[in-house]
Amino acid sequence: MTTLQRKEVNPIAHLTPEDIEQIGRELDAIRDEVLAVRGEKDAKYIRRMITIQRRVELGSRALLLFSLFPPAWILGTAGLSISKILENMEIGHNILHGQYDFMRDPKIHSTTWEWDSASPAEQWKHSHNELHHKYTNVVGRDNDLGYGIMRVDEQQKWVPAHLGQPLYNFINACFFEYGIAAYDLELGRNLKTKKRRSNPAFRANLRAVGRKIRRQVLKDYVVHPALAIPVGFLMGNPLGAFLGTFAANAVASLVRNLWSHSVIMCGHFPKGVETFERTSITGETRGEWYLRQMLGSANISGSKLMHVMTGNLSHQIEHHLFPDLPASRYAEIAPKVRALFEKYELNYVSGPLVVQVASAWAKVFRLALPNRKPAKAIDHSIPPRHPAEQPAAV
Amino acid sequence: MTSPARTRRLGHVAVTRTLRDGAWRVVELITTPVVPADYLDVIAPLRNPTVLRARIEAVRRETANAVTLELRPGRNWQPHQPGQYVRLGVDVDGVRLWRAYSVSSAAGRKDGRFTVTVNAVKDGVVSGYLLKHARRGMIVTLDLPAGDFVLPASPPPKALFVTAGSGITPVMGMLRSTLPSLQDVIVVHSARTPSDVVFGAELRSLAEAGRIRLIERHTGADGRLKPDELASLVPDLFERETWACGPGEMLDDLTSHWTDAGAADRLHVERFRPTVLVAGDGGTVTFERTGTTAEATGGTTILDAGEAAGQLMPSGCRMGICYKCVLPMREGIVRDVRDGTITTATEVDGDKVLIQTCISAAAGPCRFDA
């Protein structure tokens, strides 16, 4: 992965501006096809997912009242892990993208939904929906590139602190939901100066995160473990029951964090994914925006279950093209999108989870060290776009 | 001054309340980040105290074009007064659409149920859907009964009901509830043909039993009823307390007739306003809270139009992907500038239709709650 304008081989050199606008029109046509059939099936799907998730969660929580009994602990922990993954990925992420706003059900709506994460929905929607999805893979604008803690592009300056980034990445994976909350707060930037630290908007966001984390922690590590105590009394070990349920919640959160971190790393980090110069999006057209999403995302191949458990982020390319279409439709349109990549000789990056995760980790390790070759100079064969920076055309 | 006993009792109440609030807070922690009712929905959707729902218990066909739904309302329902309407939220092809329907059953049923009678209107999305797809067991969302088209506490000695088409529905609710206490009742009802008369059999048998005087008008053969004709059919027209419900034109005619006679206070009308919004190009955009208005062309987004007029607007990506700019549209019609999709909001929707202002352009007048 290198910034597009400094690549030795420019992957879009063969496309004319007309080609790029045509790609945009063809993608709009795919979008229209989905909109034409979007309806009851999608509403039923998300309602069913919510029902399944809540039943699995209620069942697992009930089992964990008997956490002293090892089979109950194992089943309950597994169930809670699955329910937490479903809640974050297929339900929370997608509802917060507005994918189901069309239903006009105030209960299942991007403006009212709150999810099981340290990050308050409002803040996440800002950093994810607004910044990441608009400025996908633009170095210096899309903080998802390395989450502000890692060097993920050859063009980024190397400093000795980067030697530790495999460790940072692992710690971030374990505590991913807290990492995301810190990321949404732009902690690194906002804690730097006293002026930024005392900015009222930042302080309000900080308080909101604090409230959310307090409730989340009380729920998983105090209230639910405490509910197991009465059963523990009957079995002669109340403390054991508390600790058993406590551990089950911790393990389920860890599993969810590791899983979502892996899936999300596969979205933009694997080999073959492009990044873009800050200046390259100036005056970007709709076709160019689409093209950037195509080149900046990577898919995970796998079974239907795999797609559900990743919240269909396994179809990251389709998701980035159409972030507000119901995620369960991505599998349907993926062949059409892929055909479009082939038609225009573009690289549709996709691979099995293990391969993609390994590829992303390999990059984390590689870029912990300084580059072997010095960076290329800017390729001036790509003409700069319009001088005035304008919002992307709609 | 408060007596010691009362203080003790108040103290007791306060302690109980504190304990109950505390217990409830723990329950809320168990289910955070959602509320306990969200889990209850998985098991018992009618028990949710924050979302009023009803289950359809029976579906009865009235005419080729009308169907009566018997509804069992969920928790927090309040009984209706005869003549009132309820708003029903029905999921049509996955989208919740709201419509108002008059309650057609008698008030105060022991089983707590009530009925609405839905008349299919031409191109009516919701009425057409209910006529075809309403089934026993279906859940609909609803709102509390509303409307002041009701009978007074002391019934008038002489009553007249003038209705047309589905306008009979609220009147049927009144007749079924209060007929025993009404002495002299005339019902003038217009429908296209005899078989189009909703509740025809029941009305005719009431007439045969001498409980009401029924004047049926079949507009397919005899044309529309004029107020002058009404005067000849009902000689003591202005001595009667009159309730009228039907198409706007009919009500306009009646209103001017009663006003001319100086009897406007004896006429009570209920207007069904079938809001027909036709997509055009551009329109006046009103932001109700600030009073800002903007003339927007069909090519300008609501966001741009609002900002240009000095309205403070929430905004984000400005390309339709982040959903940060959504505002509630109270009434109006907009077009998605990307794909041309039309979205409408009518008064019946309340302030519930959220519009992405960055990719929506006015396709007619629009009023926003902002």
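The values are calculated or read from the model by the stated rules, or taken from the named source; none is laboratory data. Remember, it's a predicted structure, so these values are computed and weren't measured experimentally. Glycine gets a Cβ as well: all are built from the backbone with ideal geometry, and neighbour counts include every protein chain shown. Side chains included, ligands, DNA and RNA excluded: accessible areas come from the protein's heavy atoms. Shrake-Rupley method; radii C 1.70, N 1.55, O 1.52, S 1.80 Å.
In table form, for the structure just shown:
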{"quantity": "Selection status of A:Ser110, crowded, with 22+ Cβ neighbours inside 10 Å, more than 7 Å from chain B (Cβ to nearest Cβ) and outside any helix (DSSP H, G or I)", "calculated": "no"}
{"quantity": "Only one of A:Phe170, A:Phe202 that is away from chain B (no Cβ under 14 Å), open to solvent by 60 Å² or more (accessible area, probe 1.4 Å) and more than 30 Å from A:Leu65 (Cα to Cα)", "calculated": "A:Phe170"}
{"quantity": "A:Thr77, sole failed condition from (1) open to solvent by less than 20 Å² (accessible area, probe 1.4 Å); (2) within 11 Å of chain B (Cβ to nearest Cβ)", "calculated": "(2)"}
{"quantity": "Odd one out for B:Lys122 among (1) closer than 29 Å to B:Leu354 by Cα; (2) open to solvent by 50 Å² or more (accessible area, probe 1.4 Å); (3) touching a residue at least 12 places away in the same chain (Cβ under 8 Å)", "calculated": "(3)"}
{"quantity": "Residue tally, condition at negative phi, surrounded by fewer than 22 Cβ atoms within 10 Å (Cβ to Cβ) and not β-branched (Val, Ile, Thr), over segment B:287-310", "calculated": "10"}
{"quantity": "Given (1) among the aromatic types (Phe, Trp, Tyr); (2) within 10 Å of chain B (Cβ to nearest Cβ); (3) open to solvent by 10 Å² or more (accessible area, probe 1.4 Å), number of the condition A:Tyr100 does not satisfy", "calculated": "(3)"}
{"quantity": "Lone qualifier among B:Thr18, B:Thr117 - being more than 30 Å from A:Asp101 (Cβ to Cβ), without any contact (Cβ under 8 Å) to a residue 40 or more places away in the chain and away from chain A (no Cβ under 14 Å)", "calculated": "B:Thr18"}
{"quantity": "Selection from segment A:124-143 of residues that are open to solvent by 40 Å² or more (accessible area, probe 1.4 Å) and more than 12 Å from chain B (Cβ to nearest Cβ)", "calculated": "A:Gly140, A:Arg141, A:Asn143"}
{"quantity": "Members of segment A:296-309 that are surrounded by fewer than 24 Cβ atoms within 10 Å (Cβ to Cβ) and not hydroxyl-bearing (Ser, Thr, Tyr)", "calculated": "A:Gly302, A:Lys304, A:Leu305, A:Met306, A:His307, A:Val308, A:Met309"}
{"quantity": "Segment B:65-89 - residue that is in contact with a Lys or Arg (Cβ under 7 Å, 6 or more places away or on another chain) and among the hydrophobic types (A, V, I, L, M, F, W, C) and, of those, farthest from A:Phe102 (Cα to Cα)", "calculated": "B:Val67"}
{"quantity": "Test result for B:Ile342, surrounded by 16 or more Cβ atoms within 10 Å (Cβ to Cβ) and in contact with an Asp or Glu (Cβ under 9 Å, 6 or more places away or on another chain)", "calculated": "no"}
{"quantity": "Filter result for B:Lys158 (surrounded by fewer than 18 Cβ atoms within 10 Å (Cβ to Cβ) and closer than 23 Å to B:Glu239 by Cβ)", "calculated": "yes"}
{"quantity": "Those strands (runs of 3 or more DSSP E) lying entirely in segment B:301-370 with at least 3 residues more than 10 Å from chain A (Cβ to nearest Cβ) and not β-branched (Val, Ile, Thr)", "calculated": "B:326-336, B:360-368"}
{"quantity": "Segment A:228-239 - residue that is in contact (Cβ under 8 Å) with a residue 12 or more places away in the chain and touching a helix residue (DSSP H, G or I) at 6+ places or on another chain (Cβ under 6 Å) and, of those, surrounded by the most Cβ atoms within 10 Å (Cβ to Cβ)", "calculated": "A:Ala228"}
{"quantity": "Helices (runs of 4 or more DSSP H) completely within segment B:133-240 that count 2 or more residues being in contact with a helix residue (DSSP H, G or I) (Cβ under 6 Å, 6 or more places away or on another chain)", "calculated": "B:227-233"}
{"quantity": "Selection status of A:Glu90, more than 24 Å from B:Ala44 (Cβ to Cβ), open to solvent by less than 40 Å² (accessible area, probe 1.4 Å) and more than 12 Å from chain B (Cβ to nearest Cβ)", "calculated": "yes"}
{"quantity": "Test: A:Ala118 is aliphatic (A, V, I, L, M), in a loop (DSSP other than H, G, I, E, B), modelled with pLDDT of 95 or more and touching a helix residue (DSSP H, G or I) at 6+ places or on another chain (Cβ under 6 Å)", "calculated": "yes"}
{"quantity": "Test: residue in segment A:149-156 that is closer than 27 Å to A:Ala250 by Cβ, surrounded by 18 or more Cβ atoms within 10 Å (Cβ to Cβ) and modelled with pLDDT under 95", "calculated": "yes"}
{"quantity": "Any hit, segment B:275-287, residues being touching a residue at least 60 places away in the same chain (Cβ under 8 Å), under 22 Å from A:Phe102 (Cα atoms) and within 14 Å of chain A (Cβ to nearest Cβ)", "calculated": "no"}
{"quantity": "Among residues of segment B:295-331, those that are closer than 21 Å to B:Glu347 by Cα and out of contact with any Phe, Trp or Tyr (no Cβ under 8 Å at 6 or more places or on another chain), counted", "calculated": "2"}
{"quantity": "Test set (1) more than 21 Å from A:Pro335 (Cα to Cα); (2) within 14 Å of chain B (Cβ to nearest Cβ); (3) in a helix (DSSP H, G or I) - A:Gln293 fails condition number", "calculated": "(1)"}
{"quantity": "Scan of segment A:259-290 for residues that are among the aromatic types (Phe, Trp, Tyr) and in a helix (DSSP H, G or I), ordered by number", "calculated": "A:Trp259, A:Trp289, A:Tyr290"}
{"quantity": "Within segment A:248-275, considering residues that are of a type in the set (A, V, I, L, M, F, W, C) and open to solvent by 10 Å² or more (accessible area, probe 1.4 Å), the one nearest to A:Met150 (Cα to Cα)", "calculated": "A:Ile264"}
{"quantity": "Hits in segment B:36-61 (condition: within 13 Å of chain A (Cβ to nearest Cβ) and touching a residue at least 12 places away in the same chain (Cβ under 8 Å))", "calculated": "B:Ala37, B:Pro45, B:Asn48, B:Thr50, B:Val51, B:Leu52, B:Arg53"}
{"quantity": "Wholly within segment B:1-107, strands (runs of 3 or more DSSP E) carrying at least 3 residues that are surrounded by fewer than 16 Cβ atoms within 10 Å (Cβ to Cβ)", "calculated": "B:53-63"}
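Table: residues versus (1) closer than 15 Å to A:Gly311 by Cβ; (2) touching a Phe, Trp or Tyr at 6+ places or on another chain (Cβ under 6 Å); (3) at the interface with another protein chain (Cβ under 9 Å from one of its Cβ atoms).
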{"residue": "A:Ala43", "(1), (2), (3)": "no, no, yes"}
{"residue": "A:Leu63", "(1), (2), (3)": "no, no, no"}
{"residue": "A:Ile82", "(1), (2), (3)": "yes, no, no"}
{"residue": "A:Leu86", "(1), (2), (3)": "yes, no, no"}
